[in-house]
Structures are given as structure tokens and as C-alpha cells.
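Asks: One structure follows; several queries about it will come next.
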Amino acid sequence: MDSKEDFNSVMIHELRGPIDSIKKISEVMRDGRVCGNKKEYAEYIQMIHESSSYALELINNLLDMARIETNRLELSTRPSDIKQIINESVQFFDIDAKIAKVSVTISIEKNVPDLLEFDPIYIKQAFNNLLLNALKFTAAGGHITVWSFLHREGEPFNEEVVNGQNKLFINDNKNKEFVQLPDCVVVGVTDSGSGILEADMDKLFTKFTQLSSNNSHGSKKGIGLGLAVTKGIIETHGGIVGASSHEGAGSVFYFTINV
Amino acid sequence: MKKILLIDDDKIFLKIFRDTIRQERNEVYEVTTVTGGKEGLIKIRESRPDLIVLDLKMPGMEGIDFLRELKKENFNPQIPILISSNFSDMEKIGEGIELGVKGYVVKSDYSLEGIIKYIDDLLKN
């Protein structure tokens, strides 16, 4: 998927999906053809909510992608609290997590500085994209750990924090890259979802990710634009993004904010 | 009762389609839904449907790839297929028609009732 035409074509298709769902759901409800009871009614309202949330997410990501690609992403950096952003985001998605029957825990190391210099609105969006991704791809009964720690140049990944309740993901190669990073705060999300195929790992964080498998639940197929936006935001801040995964065992997605 | 196989990765569309058929065409159609082309091929081999409603853009096996695989199975008579997709690439639709598709709807251009009436017409003929 390289050409602008292909991109536009697929985006139109993606946007049509959730908006068409809202139209069709509201038609059947309006005509009284379904929703005979309270439970069905609640299901239909939830589908409208999911579809409209997804449409909005697509539109927001499209706008940001356009800004990133034309170097028009204007950061408004100021001393900001990453812990507050993480807590607020988890709180914001609390209902979605409950509906998905996925538990979310926060693990922020005490060494994370109170204030860092970054654009809080964009960093929140970058983080939300990771969390949303994890929620989409973690099945009911699964677990997500949201974490953060201060990395010092020369140190390997803090595996205990990164892996939380999940299995080990970070391999030796990844750790070698990590050791070379300058002092930074690492923020990440570890999930117990379906994991990512080895063949798909290179496609992550690119503008167009049609993964070989699609184990997302609900209507949210996900086309990877959120991760590409996260990468754009973080790189504009001078940080890096990364991911590790084991098929069938879950994934880790993270980014860094320089100290 | 006629059997319809709906192959679409949009789980919301699958649900509202199933619910509406249950409400509007209860003793007329039996609907089976799957979310991908590979599952669709398995279902067809288990129990041959009277009509397939097929999405084009799906992860794994796309609609056109499914049609190519189905052609290899060489069913006689052929199973009528309706493309139902929000992907309106005319080239893909043209290829679908060459592979034996009987009709196509761009989902967002039709109400659910409209799609079901299209299905009624296809199965009547």
C-alpha cells in the first residue's frame, strides 16, 4: 500500500464502515424491527457508541497523520506530568476495559520524574493509541499492564516492570538497542492479547498496517494509523517507539520521552 | 428454507444482518456468518449455501482471493454470490463479476432492508 491513491481508497472504505453501521443500526431501531427488549436495546446503543468512537478515532488520526507528514505538527511543550497523563488515560478507558472484560493495572516506578518537558495533549494521544490498541487485541479475561520507568543510559530494560504479569518479551537484541538510549522515561503497555506474527512486526508503526491476522473484537478492525501517529508524535519529540511480541502470548508497545 | 452464508469481517454488520433476518425473514432464510474467506471455504464444504454474501476487504483472505479459490472448487451449479462491501474499487468489482459474481452493493448506498430485497430477488431467480 504505497500510493496516495491506494491510501485514500482504503481510508474512504475504513470511514464508510463505522458511519454506515451507525446509519443501519439507527434505521433498524427507528423502524422498530429489532430491539424487542432492554438487553437488545443496550447492545444496539453500545454498537452505535463503538462505531462513532472508531469513526472519530480514524478522523483524528488522519488529521494528525497529515500534519506529521507535512511537518506541520506544532508542539506546545511545557513541564508536564506523565504520571497524571497515564492515570487519566486509564481512567478514561475504564468503561471500555470493563465492557471488554480486560483488567488494567498501572505500574509506575518511583524514579519517574514529576515533570518532563513535552506537549501533554500530543503525548496523551500517543499513549492513548497504545492503550486503545491493547484493548482491541486483548480478549475477554485478559490483562493489560501500563507502566513507566526512568531509563539511564547504559542500563538494560527493566524487565520486571515491562513484563508485569506477562511473559518475557524483550530479547537480547532489543536490550542491546535499549542500552544505548540516552536518559529517558519509558512509557509502555504490555498486553496478554493474541500477539503479532513475526512477518507483521516490520509493518507496525507504518501508515498502513493490514496485519495477516485480525483478532480484534468488536467492530474495530484497526488499520494501524494510530501507531503511525504515535510514532510521528514521539519522534517529533526526539524519542523512539518500539514493540516486542510473541504470537499467542501478547505484546509490548513503548515509547520514550527524553529527560 | 434457503441458506445464506455471509462472509464479512465487520462484526456489527453480521449481528444486525442476522437479527434483521431473524425478525423479517424468519422461516425463509437461515443465515450463517463467518468473518473471513478461509472460514467461508470451510463452511461451504461442510454445507453448501444457496447464496453467498461476500465482503471484499478482509484481513487474511480478501474477497477476490476467496472467489478465485471457490472457482477452483468448481461447484455445479455455481453458488450465486452477492458482493456487499464499502470498498467501491470498480476494478475489484469487475474482477468479481468475471469470477461469476451475480451482483454487488456498496453497503453504504443501501439500507439493510434494501440489501435484503436484493437478496430476495437473487434467490427468486
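The values are calculated or read from the model by the stated rules, or taken from the named source; none is laboratory data. All values derive from a computational prediction rather than experimental measurement. Using ideal geometry, Cβ is built from the backbone for each residue, glycine included, and neighbour counts are taken over all protein chains shown. All accessible areas refer to the heavy atoms of the entire protein, side chains included, with ligands and DNA or RNA removed. Shrake-Rupley method; radii C 1.70, N 1.55, O 1.52, S 1.80 Å.
Asks: Please specify each residue of region A:123-142 satisfying the condition of being surrounded by fewer than 24 Cβ atoms within 10 Å (Cβ to Cβ) and over 21 Å from A:Glu50 (Cα atoms).
Replies: Across region A:123-142, there are no qualifying residues.
Asks: Let me ask another. Between a first residue in region A:184-199 that is under 24 Å from A:Gly141 (Cα atoms) and assigned to a loop (DSSP other than H, G, I, E, B) and a second residue that is small (Gly, Ala, Ser) and open to solvent by 30 Å² or more (accessible area, probe 1.4 Å), which pairs have beta carbons less than 6 Å apart while being 6 or more apart in sequence or on different chains?
Replies: If the second residue must be small (Gly, Ala, Ser) and open to solvent by 30 Å² or more (accessible area, probe 1.4 Å), the pairs left are A:Gly195/A:Gly248; A:Leu197/A:Ser212.
Asks: Check region B:24-37 and report whether any residue there is closer than 21 Å to A:Lys23 by Cβ, out of contact with any strand residue (DSSP E or B) (no Cβ under 7 Å at 6 or more places or on another chain) and of a type in the set (Asp, Glu).
Replies: The answer is yes; a qualifying residue exists.
Asks: Restricting the search to region A:154-209, which residues are at pLDDT 75 or above, farther than 30 Å from B:Lys57 by Cα and within 19 Å of the chain's Cα centre (by Cα)?
Replies: A:Val185, A:Val186, A:Val187, A:Gly188
Asks: Would you pick out the residues in region B:66-99 that are more than 14 Å from chain A (Cβ to nearest Cβ), closer than 19 Å to B:Asp8 by Cβ, part of a helix (DSSP H, G or I) and open to solvent by less than 50 Å² (accessible area, probe 1.4 Å)?
Replies: B:Phe66, B:Leu67, B:Leu70, B:Gly96
Asks: Enumerate the pairs (first residue in region B:8-21 and within 7 Å of chain A (Cβ to nearest Cβ) and more than 20 Å from A:His13 (Cα to Cα); second residue anywhere and open to solvent by less than 10 Å² (accessible area, probe 1.4 Å) and in a helix (DSSP H, G or I)) with beta-carbon separation below 8 Å, excluding pairs fewer than 6 apart on the same chain, so at least 6 apart or on different chains.
Replies: Between residues of region B:8-21 that are within 7 Å of chain A (Cβ to nearest Cβ) and more than 20 Å from A:His13 (Cα to Cα) and residues that are open to solvent by less than 10 Å² (accessible area, probe 1.4 Å) and in a helix (DSSP H, G or I), the close pairs are B:Asp19/A:Val28; B:Thr20/A:Val28; B:Thr20/B:Leu112; B:Thr20/B:Ile116.
Asks: Of the residues that sit in region A:30-45 and are in a helix (DSSP H, G or I) and facing chain B (nearest Cβ under 10 Å), which one is most open to solvent (accessible area, probe 1.4 Å)?
Replies: Residue satisfying both the conditions and the ranking: A:Glu43.
Asks: Next question, about the same structure. Kindly evaluate B:Gly40 against the criterion of being part of a helix (DSSP H, G or I) and either in contact with a Cys (Cβ under 7 Å, 6 or more places away or on another chain) or in contact (Cβ under 8 Å) with a residue 12 or more places away in the chain (or both).
Replies: Yes, satisfied.
Asks: Just to be sure, is A:Glu14 surrounded by 17 or more Cβ atoms within 10 Å (Cβ to Cβ), within 14 Å of chain B (Cβ to nearest Cβ) and closer than 30 Å to B:Glu62 by Cα?
Replies: Answer is yes for this residue.
Asks: Run A:Asn8 past the list (1) part of a helix (DSSP H, G or I); (2) buried (at least 16 other Cβ atoms within 10 Å of the Cβ); (3) free of Cβ contacts under 8 Å to residues at least 60 places away in the same chain and report the number of the one that doesn't hold.
Replies: Tallying (1) part of a helix (DSSP H, G or I); (2) buried (at least 16 other Cβ atoms within 10 Å of the Cβ); (3) free of Cβ contacts under 8 Å to residues at least 60 places away in the same chain, A:Asn8 fails exactly one: (2).
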